[in-house]
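K.L.:
Below is a structure I'd like to ask you about.
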Amino acid sequence: EMWERFGYYLMLGIFVLYMIDADKGGLQIPDIQAYDIFGTFIAITYLTPFLGGFFADRVLGYSKSIYLGGTLMGLGYMALSVPNMSMFYTGVTLIVLGNGFFKPSISTLLGNLYTEEPYKKNKDAGYNIFYMGINIGAFICNFFAAFMRNKFDWGAAFMTAGIGMFVGLIIFSIGRKHYKHIDVLKPAAPEDMSIMNVVLKVFAPAIIAGVIGYY
């Protein structure tokens, strides 16, 4: 999780700057359009975990969702390192989809690790370590982003985010023996929302509100 946040916030910190930059290899997108893209990206990033979590619970399992999400995000950051609009939008799409699978799965897997005795009493400590990792990743990425951008170029900074994501997946793989036993599909319960309910009650209102706000 530390490396996932490292890559995500590194990318986020230079996202708008890269779009509006007209002097040093940026995309030269007008400011107002860049802010529209940024806002839309953030909004969709917070929506896709509803669907990603659903598929992780019922179809893929948490480890597969983490691998899928992390790989998509890593490839997305690397796509942003290629300075053209097609790769830019491809990268943004991959990041949005990858985040949807990764974010709900990693925290759920962590929670499952502390559902059994004698580990229940350590759940708070486990989440404290988890969130400390988030904070460390979000803090140190700023220095890497500034150094890589100033020493090399925008592409090197985005590539660093992608490498960080894959480092995280390697670390996840090394430790998998400790938590593969709790990576089980969640049986559907009568009170669970269907995928259609998720779309109608979460996505549709959000899209309608976004369109109204845009116009």
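K.L.:
Relative contact order of segment 73-187: what whole-number percent is it, with Cα pairs under 8 angstrom and at least 6 residues apart?
P.N.:
36
K.L.:
Semi-axes, largest first, in whole Å: what does sqrt of 5 times each Cα gyration tensor eigenvalue give for segment 1-154?
P.N.:
32, 18, 12
K.L.:
Right, here's the next one. Quote the relative contact order of segment 22-101 in percent (integer), defining contacts as alpha-carbon pairs under 8 Å separated by 6+ residues.
P.N.:
Across segment 22-101, relative contact order equals 39 percent.
K.L.:
Taking all pairs of distinct Cα atoms, average 1/r, flip it, and tell me the Kirkwood hydrodynamic radius of segment 100-141 in Å to one decimal place.
P.N.:
On the way: mean 1/r = 0.0892 Å⁻¹.
Hydrodynamic radius (Kirkwood, Cα only) of segment 100-141 equals 11.2 Å.
K.L.:
While we're here: Show which lysines lie in cross-link reach of Lys24 when reach means a straight Cα distance below 25 angstrom and same-chain residues fewer than eight apart are skipped.
P.N.:
Lys151
K.L.:
Rounded to a whole number, what % of the accessible area of the chain do carbon and sulfur atoms account for, probe 1.4 Å?
P.N.:
Taking all protein chains in place, the chain shows 68 percent carbon and sulfur surface.
K.L.:
Can you tally the net charge around Phe54? Count Lys and Arg as +1, Asp and Glu as -1, for every other residue whose Cβ sits under 11 Å from the Cβ of Phe54.
P.N.:
Computed value for this residue: 0.
K.L.:
Let me ask another. Cβ neighbours within 10 Å, averaged per peptide: list 26-33, 144-151, 73-80 in order, most packed at the top.
P.N.:
Highest-to-lowest ranking by the protection proxy: 73-80, 144-151, 26-33.
K.L.:
Taking Cα pairs under 8 Å and at least six residues apart, what relative contact order does the chain come out at, in percent?
P.N.:
33 percent.
K.L.:
Quick check: the distance between the Cα centres of segment 132-163 and segment 23-55, to the nearest angstrom?
P.N.:
18
K.L.:
With n ≥ 4 as the cut-off for DSSP H runs, can you work out [θ] at 222 nm for the chain, using -39500 (n - 2.57) per run divided by the number of residues, rounded to the nearest 500?
P.N.:
On the way: 8 runs with 157 residues, N = 215.
Result for the chain, helices only: -25000 deg cm²/dmol.
K.L.:
How large is the accessible surface per residue of segment 46-196, computed with a 1.4 Å probe and reported in Å² as a whole number?
P.N.:
Per-residue value: 54 Å².
K.L.:
Heads up, I need the accessible area for Val59: 1.4 angstrom probe, whole protein in place, Å², nearest 10.
P.N.:
90
K.L.:
Now for a separate question. Please list, in chain and number order, the residues 5+ apart from Ile29 or on another chain whose amide H is under 5 Å from its amide H, with Hs placed from the backbone.
P.N.:
Ile20, Asp21
K.L.:
Exceeding 23 Å between C-alpha atoms, which entries from my cross-link table qualify? They are Lys120/Lys186; Lys64/Lys120; Lys103/Lys186.
P.N.:
Working: Lys120/Lys186 19 Å; Lys64/Lys120 25 Å; Lys103/Lys186 17 Å.
Pairs exceeding the cut-off: Lys64/Lys120.
The values are calculated or read from the model by the stated rules, or taken from the named source; none is laboratory data. Not measured: the values here are computed from a predicted model. FYI the Cβ positions are ideal-geometry reconstructions off the backbone, even for glycines, and counts take in every protein chain you see. SASA here: full protein model, heavy atoms, side chains in, ligands and nucleic acids out. Shrake-Rupley method; radii C 1.70, N 1.55, O 1.52, S 1.80 Å.
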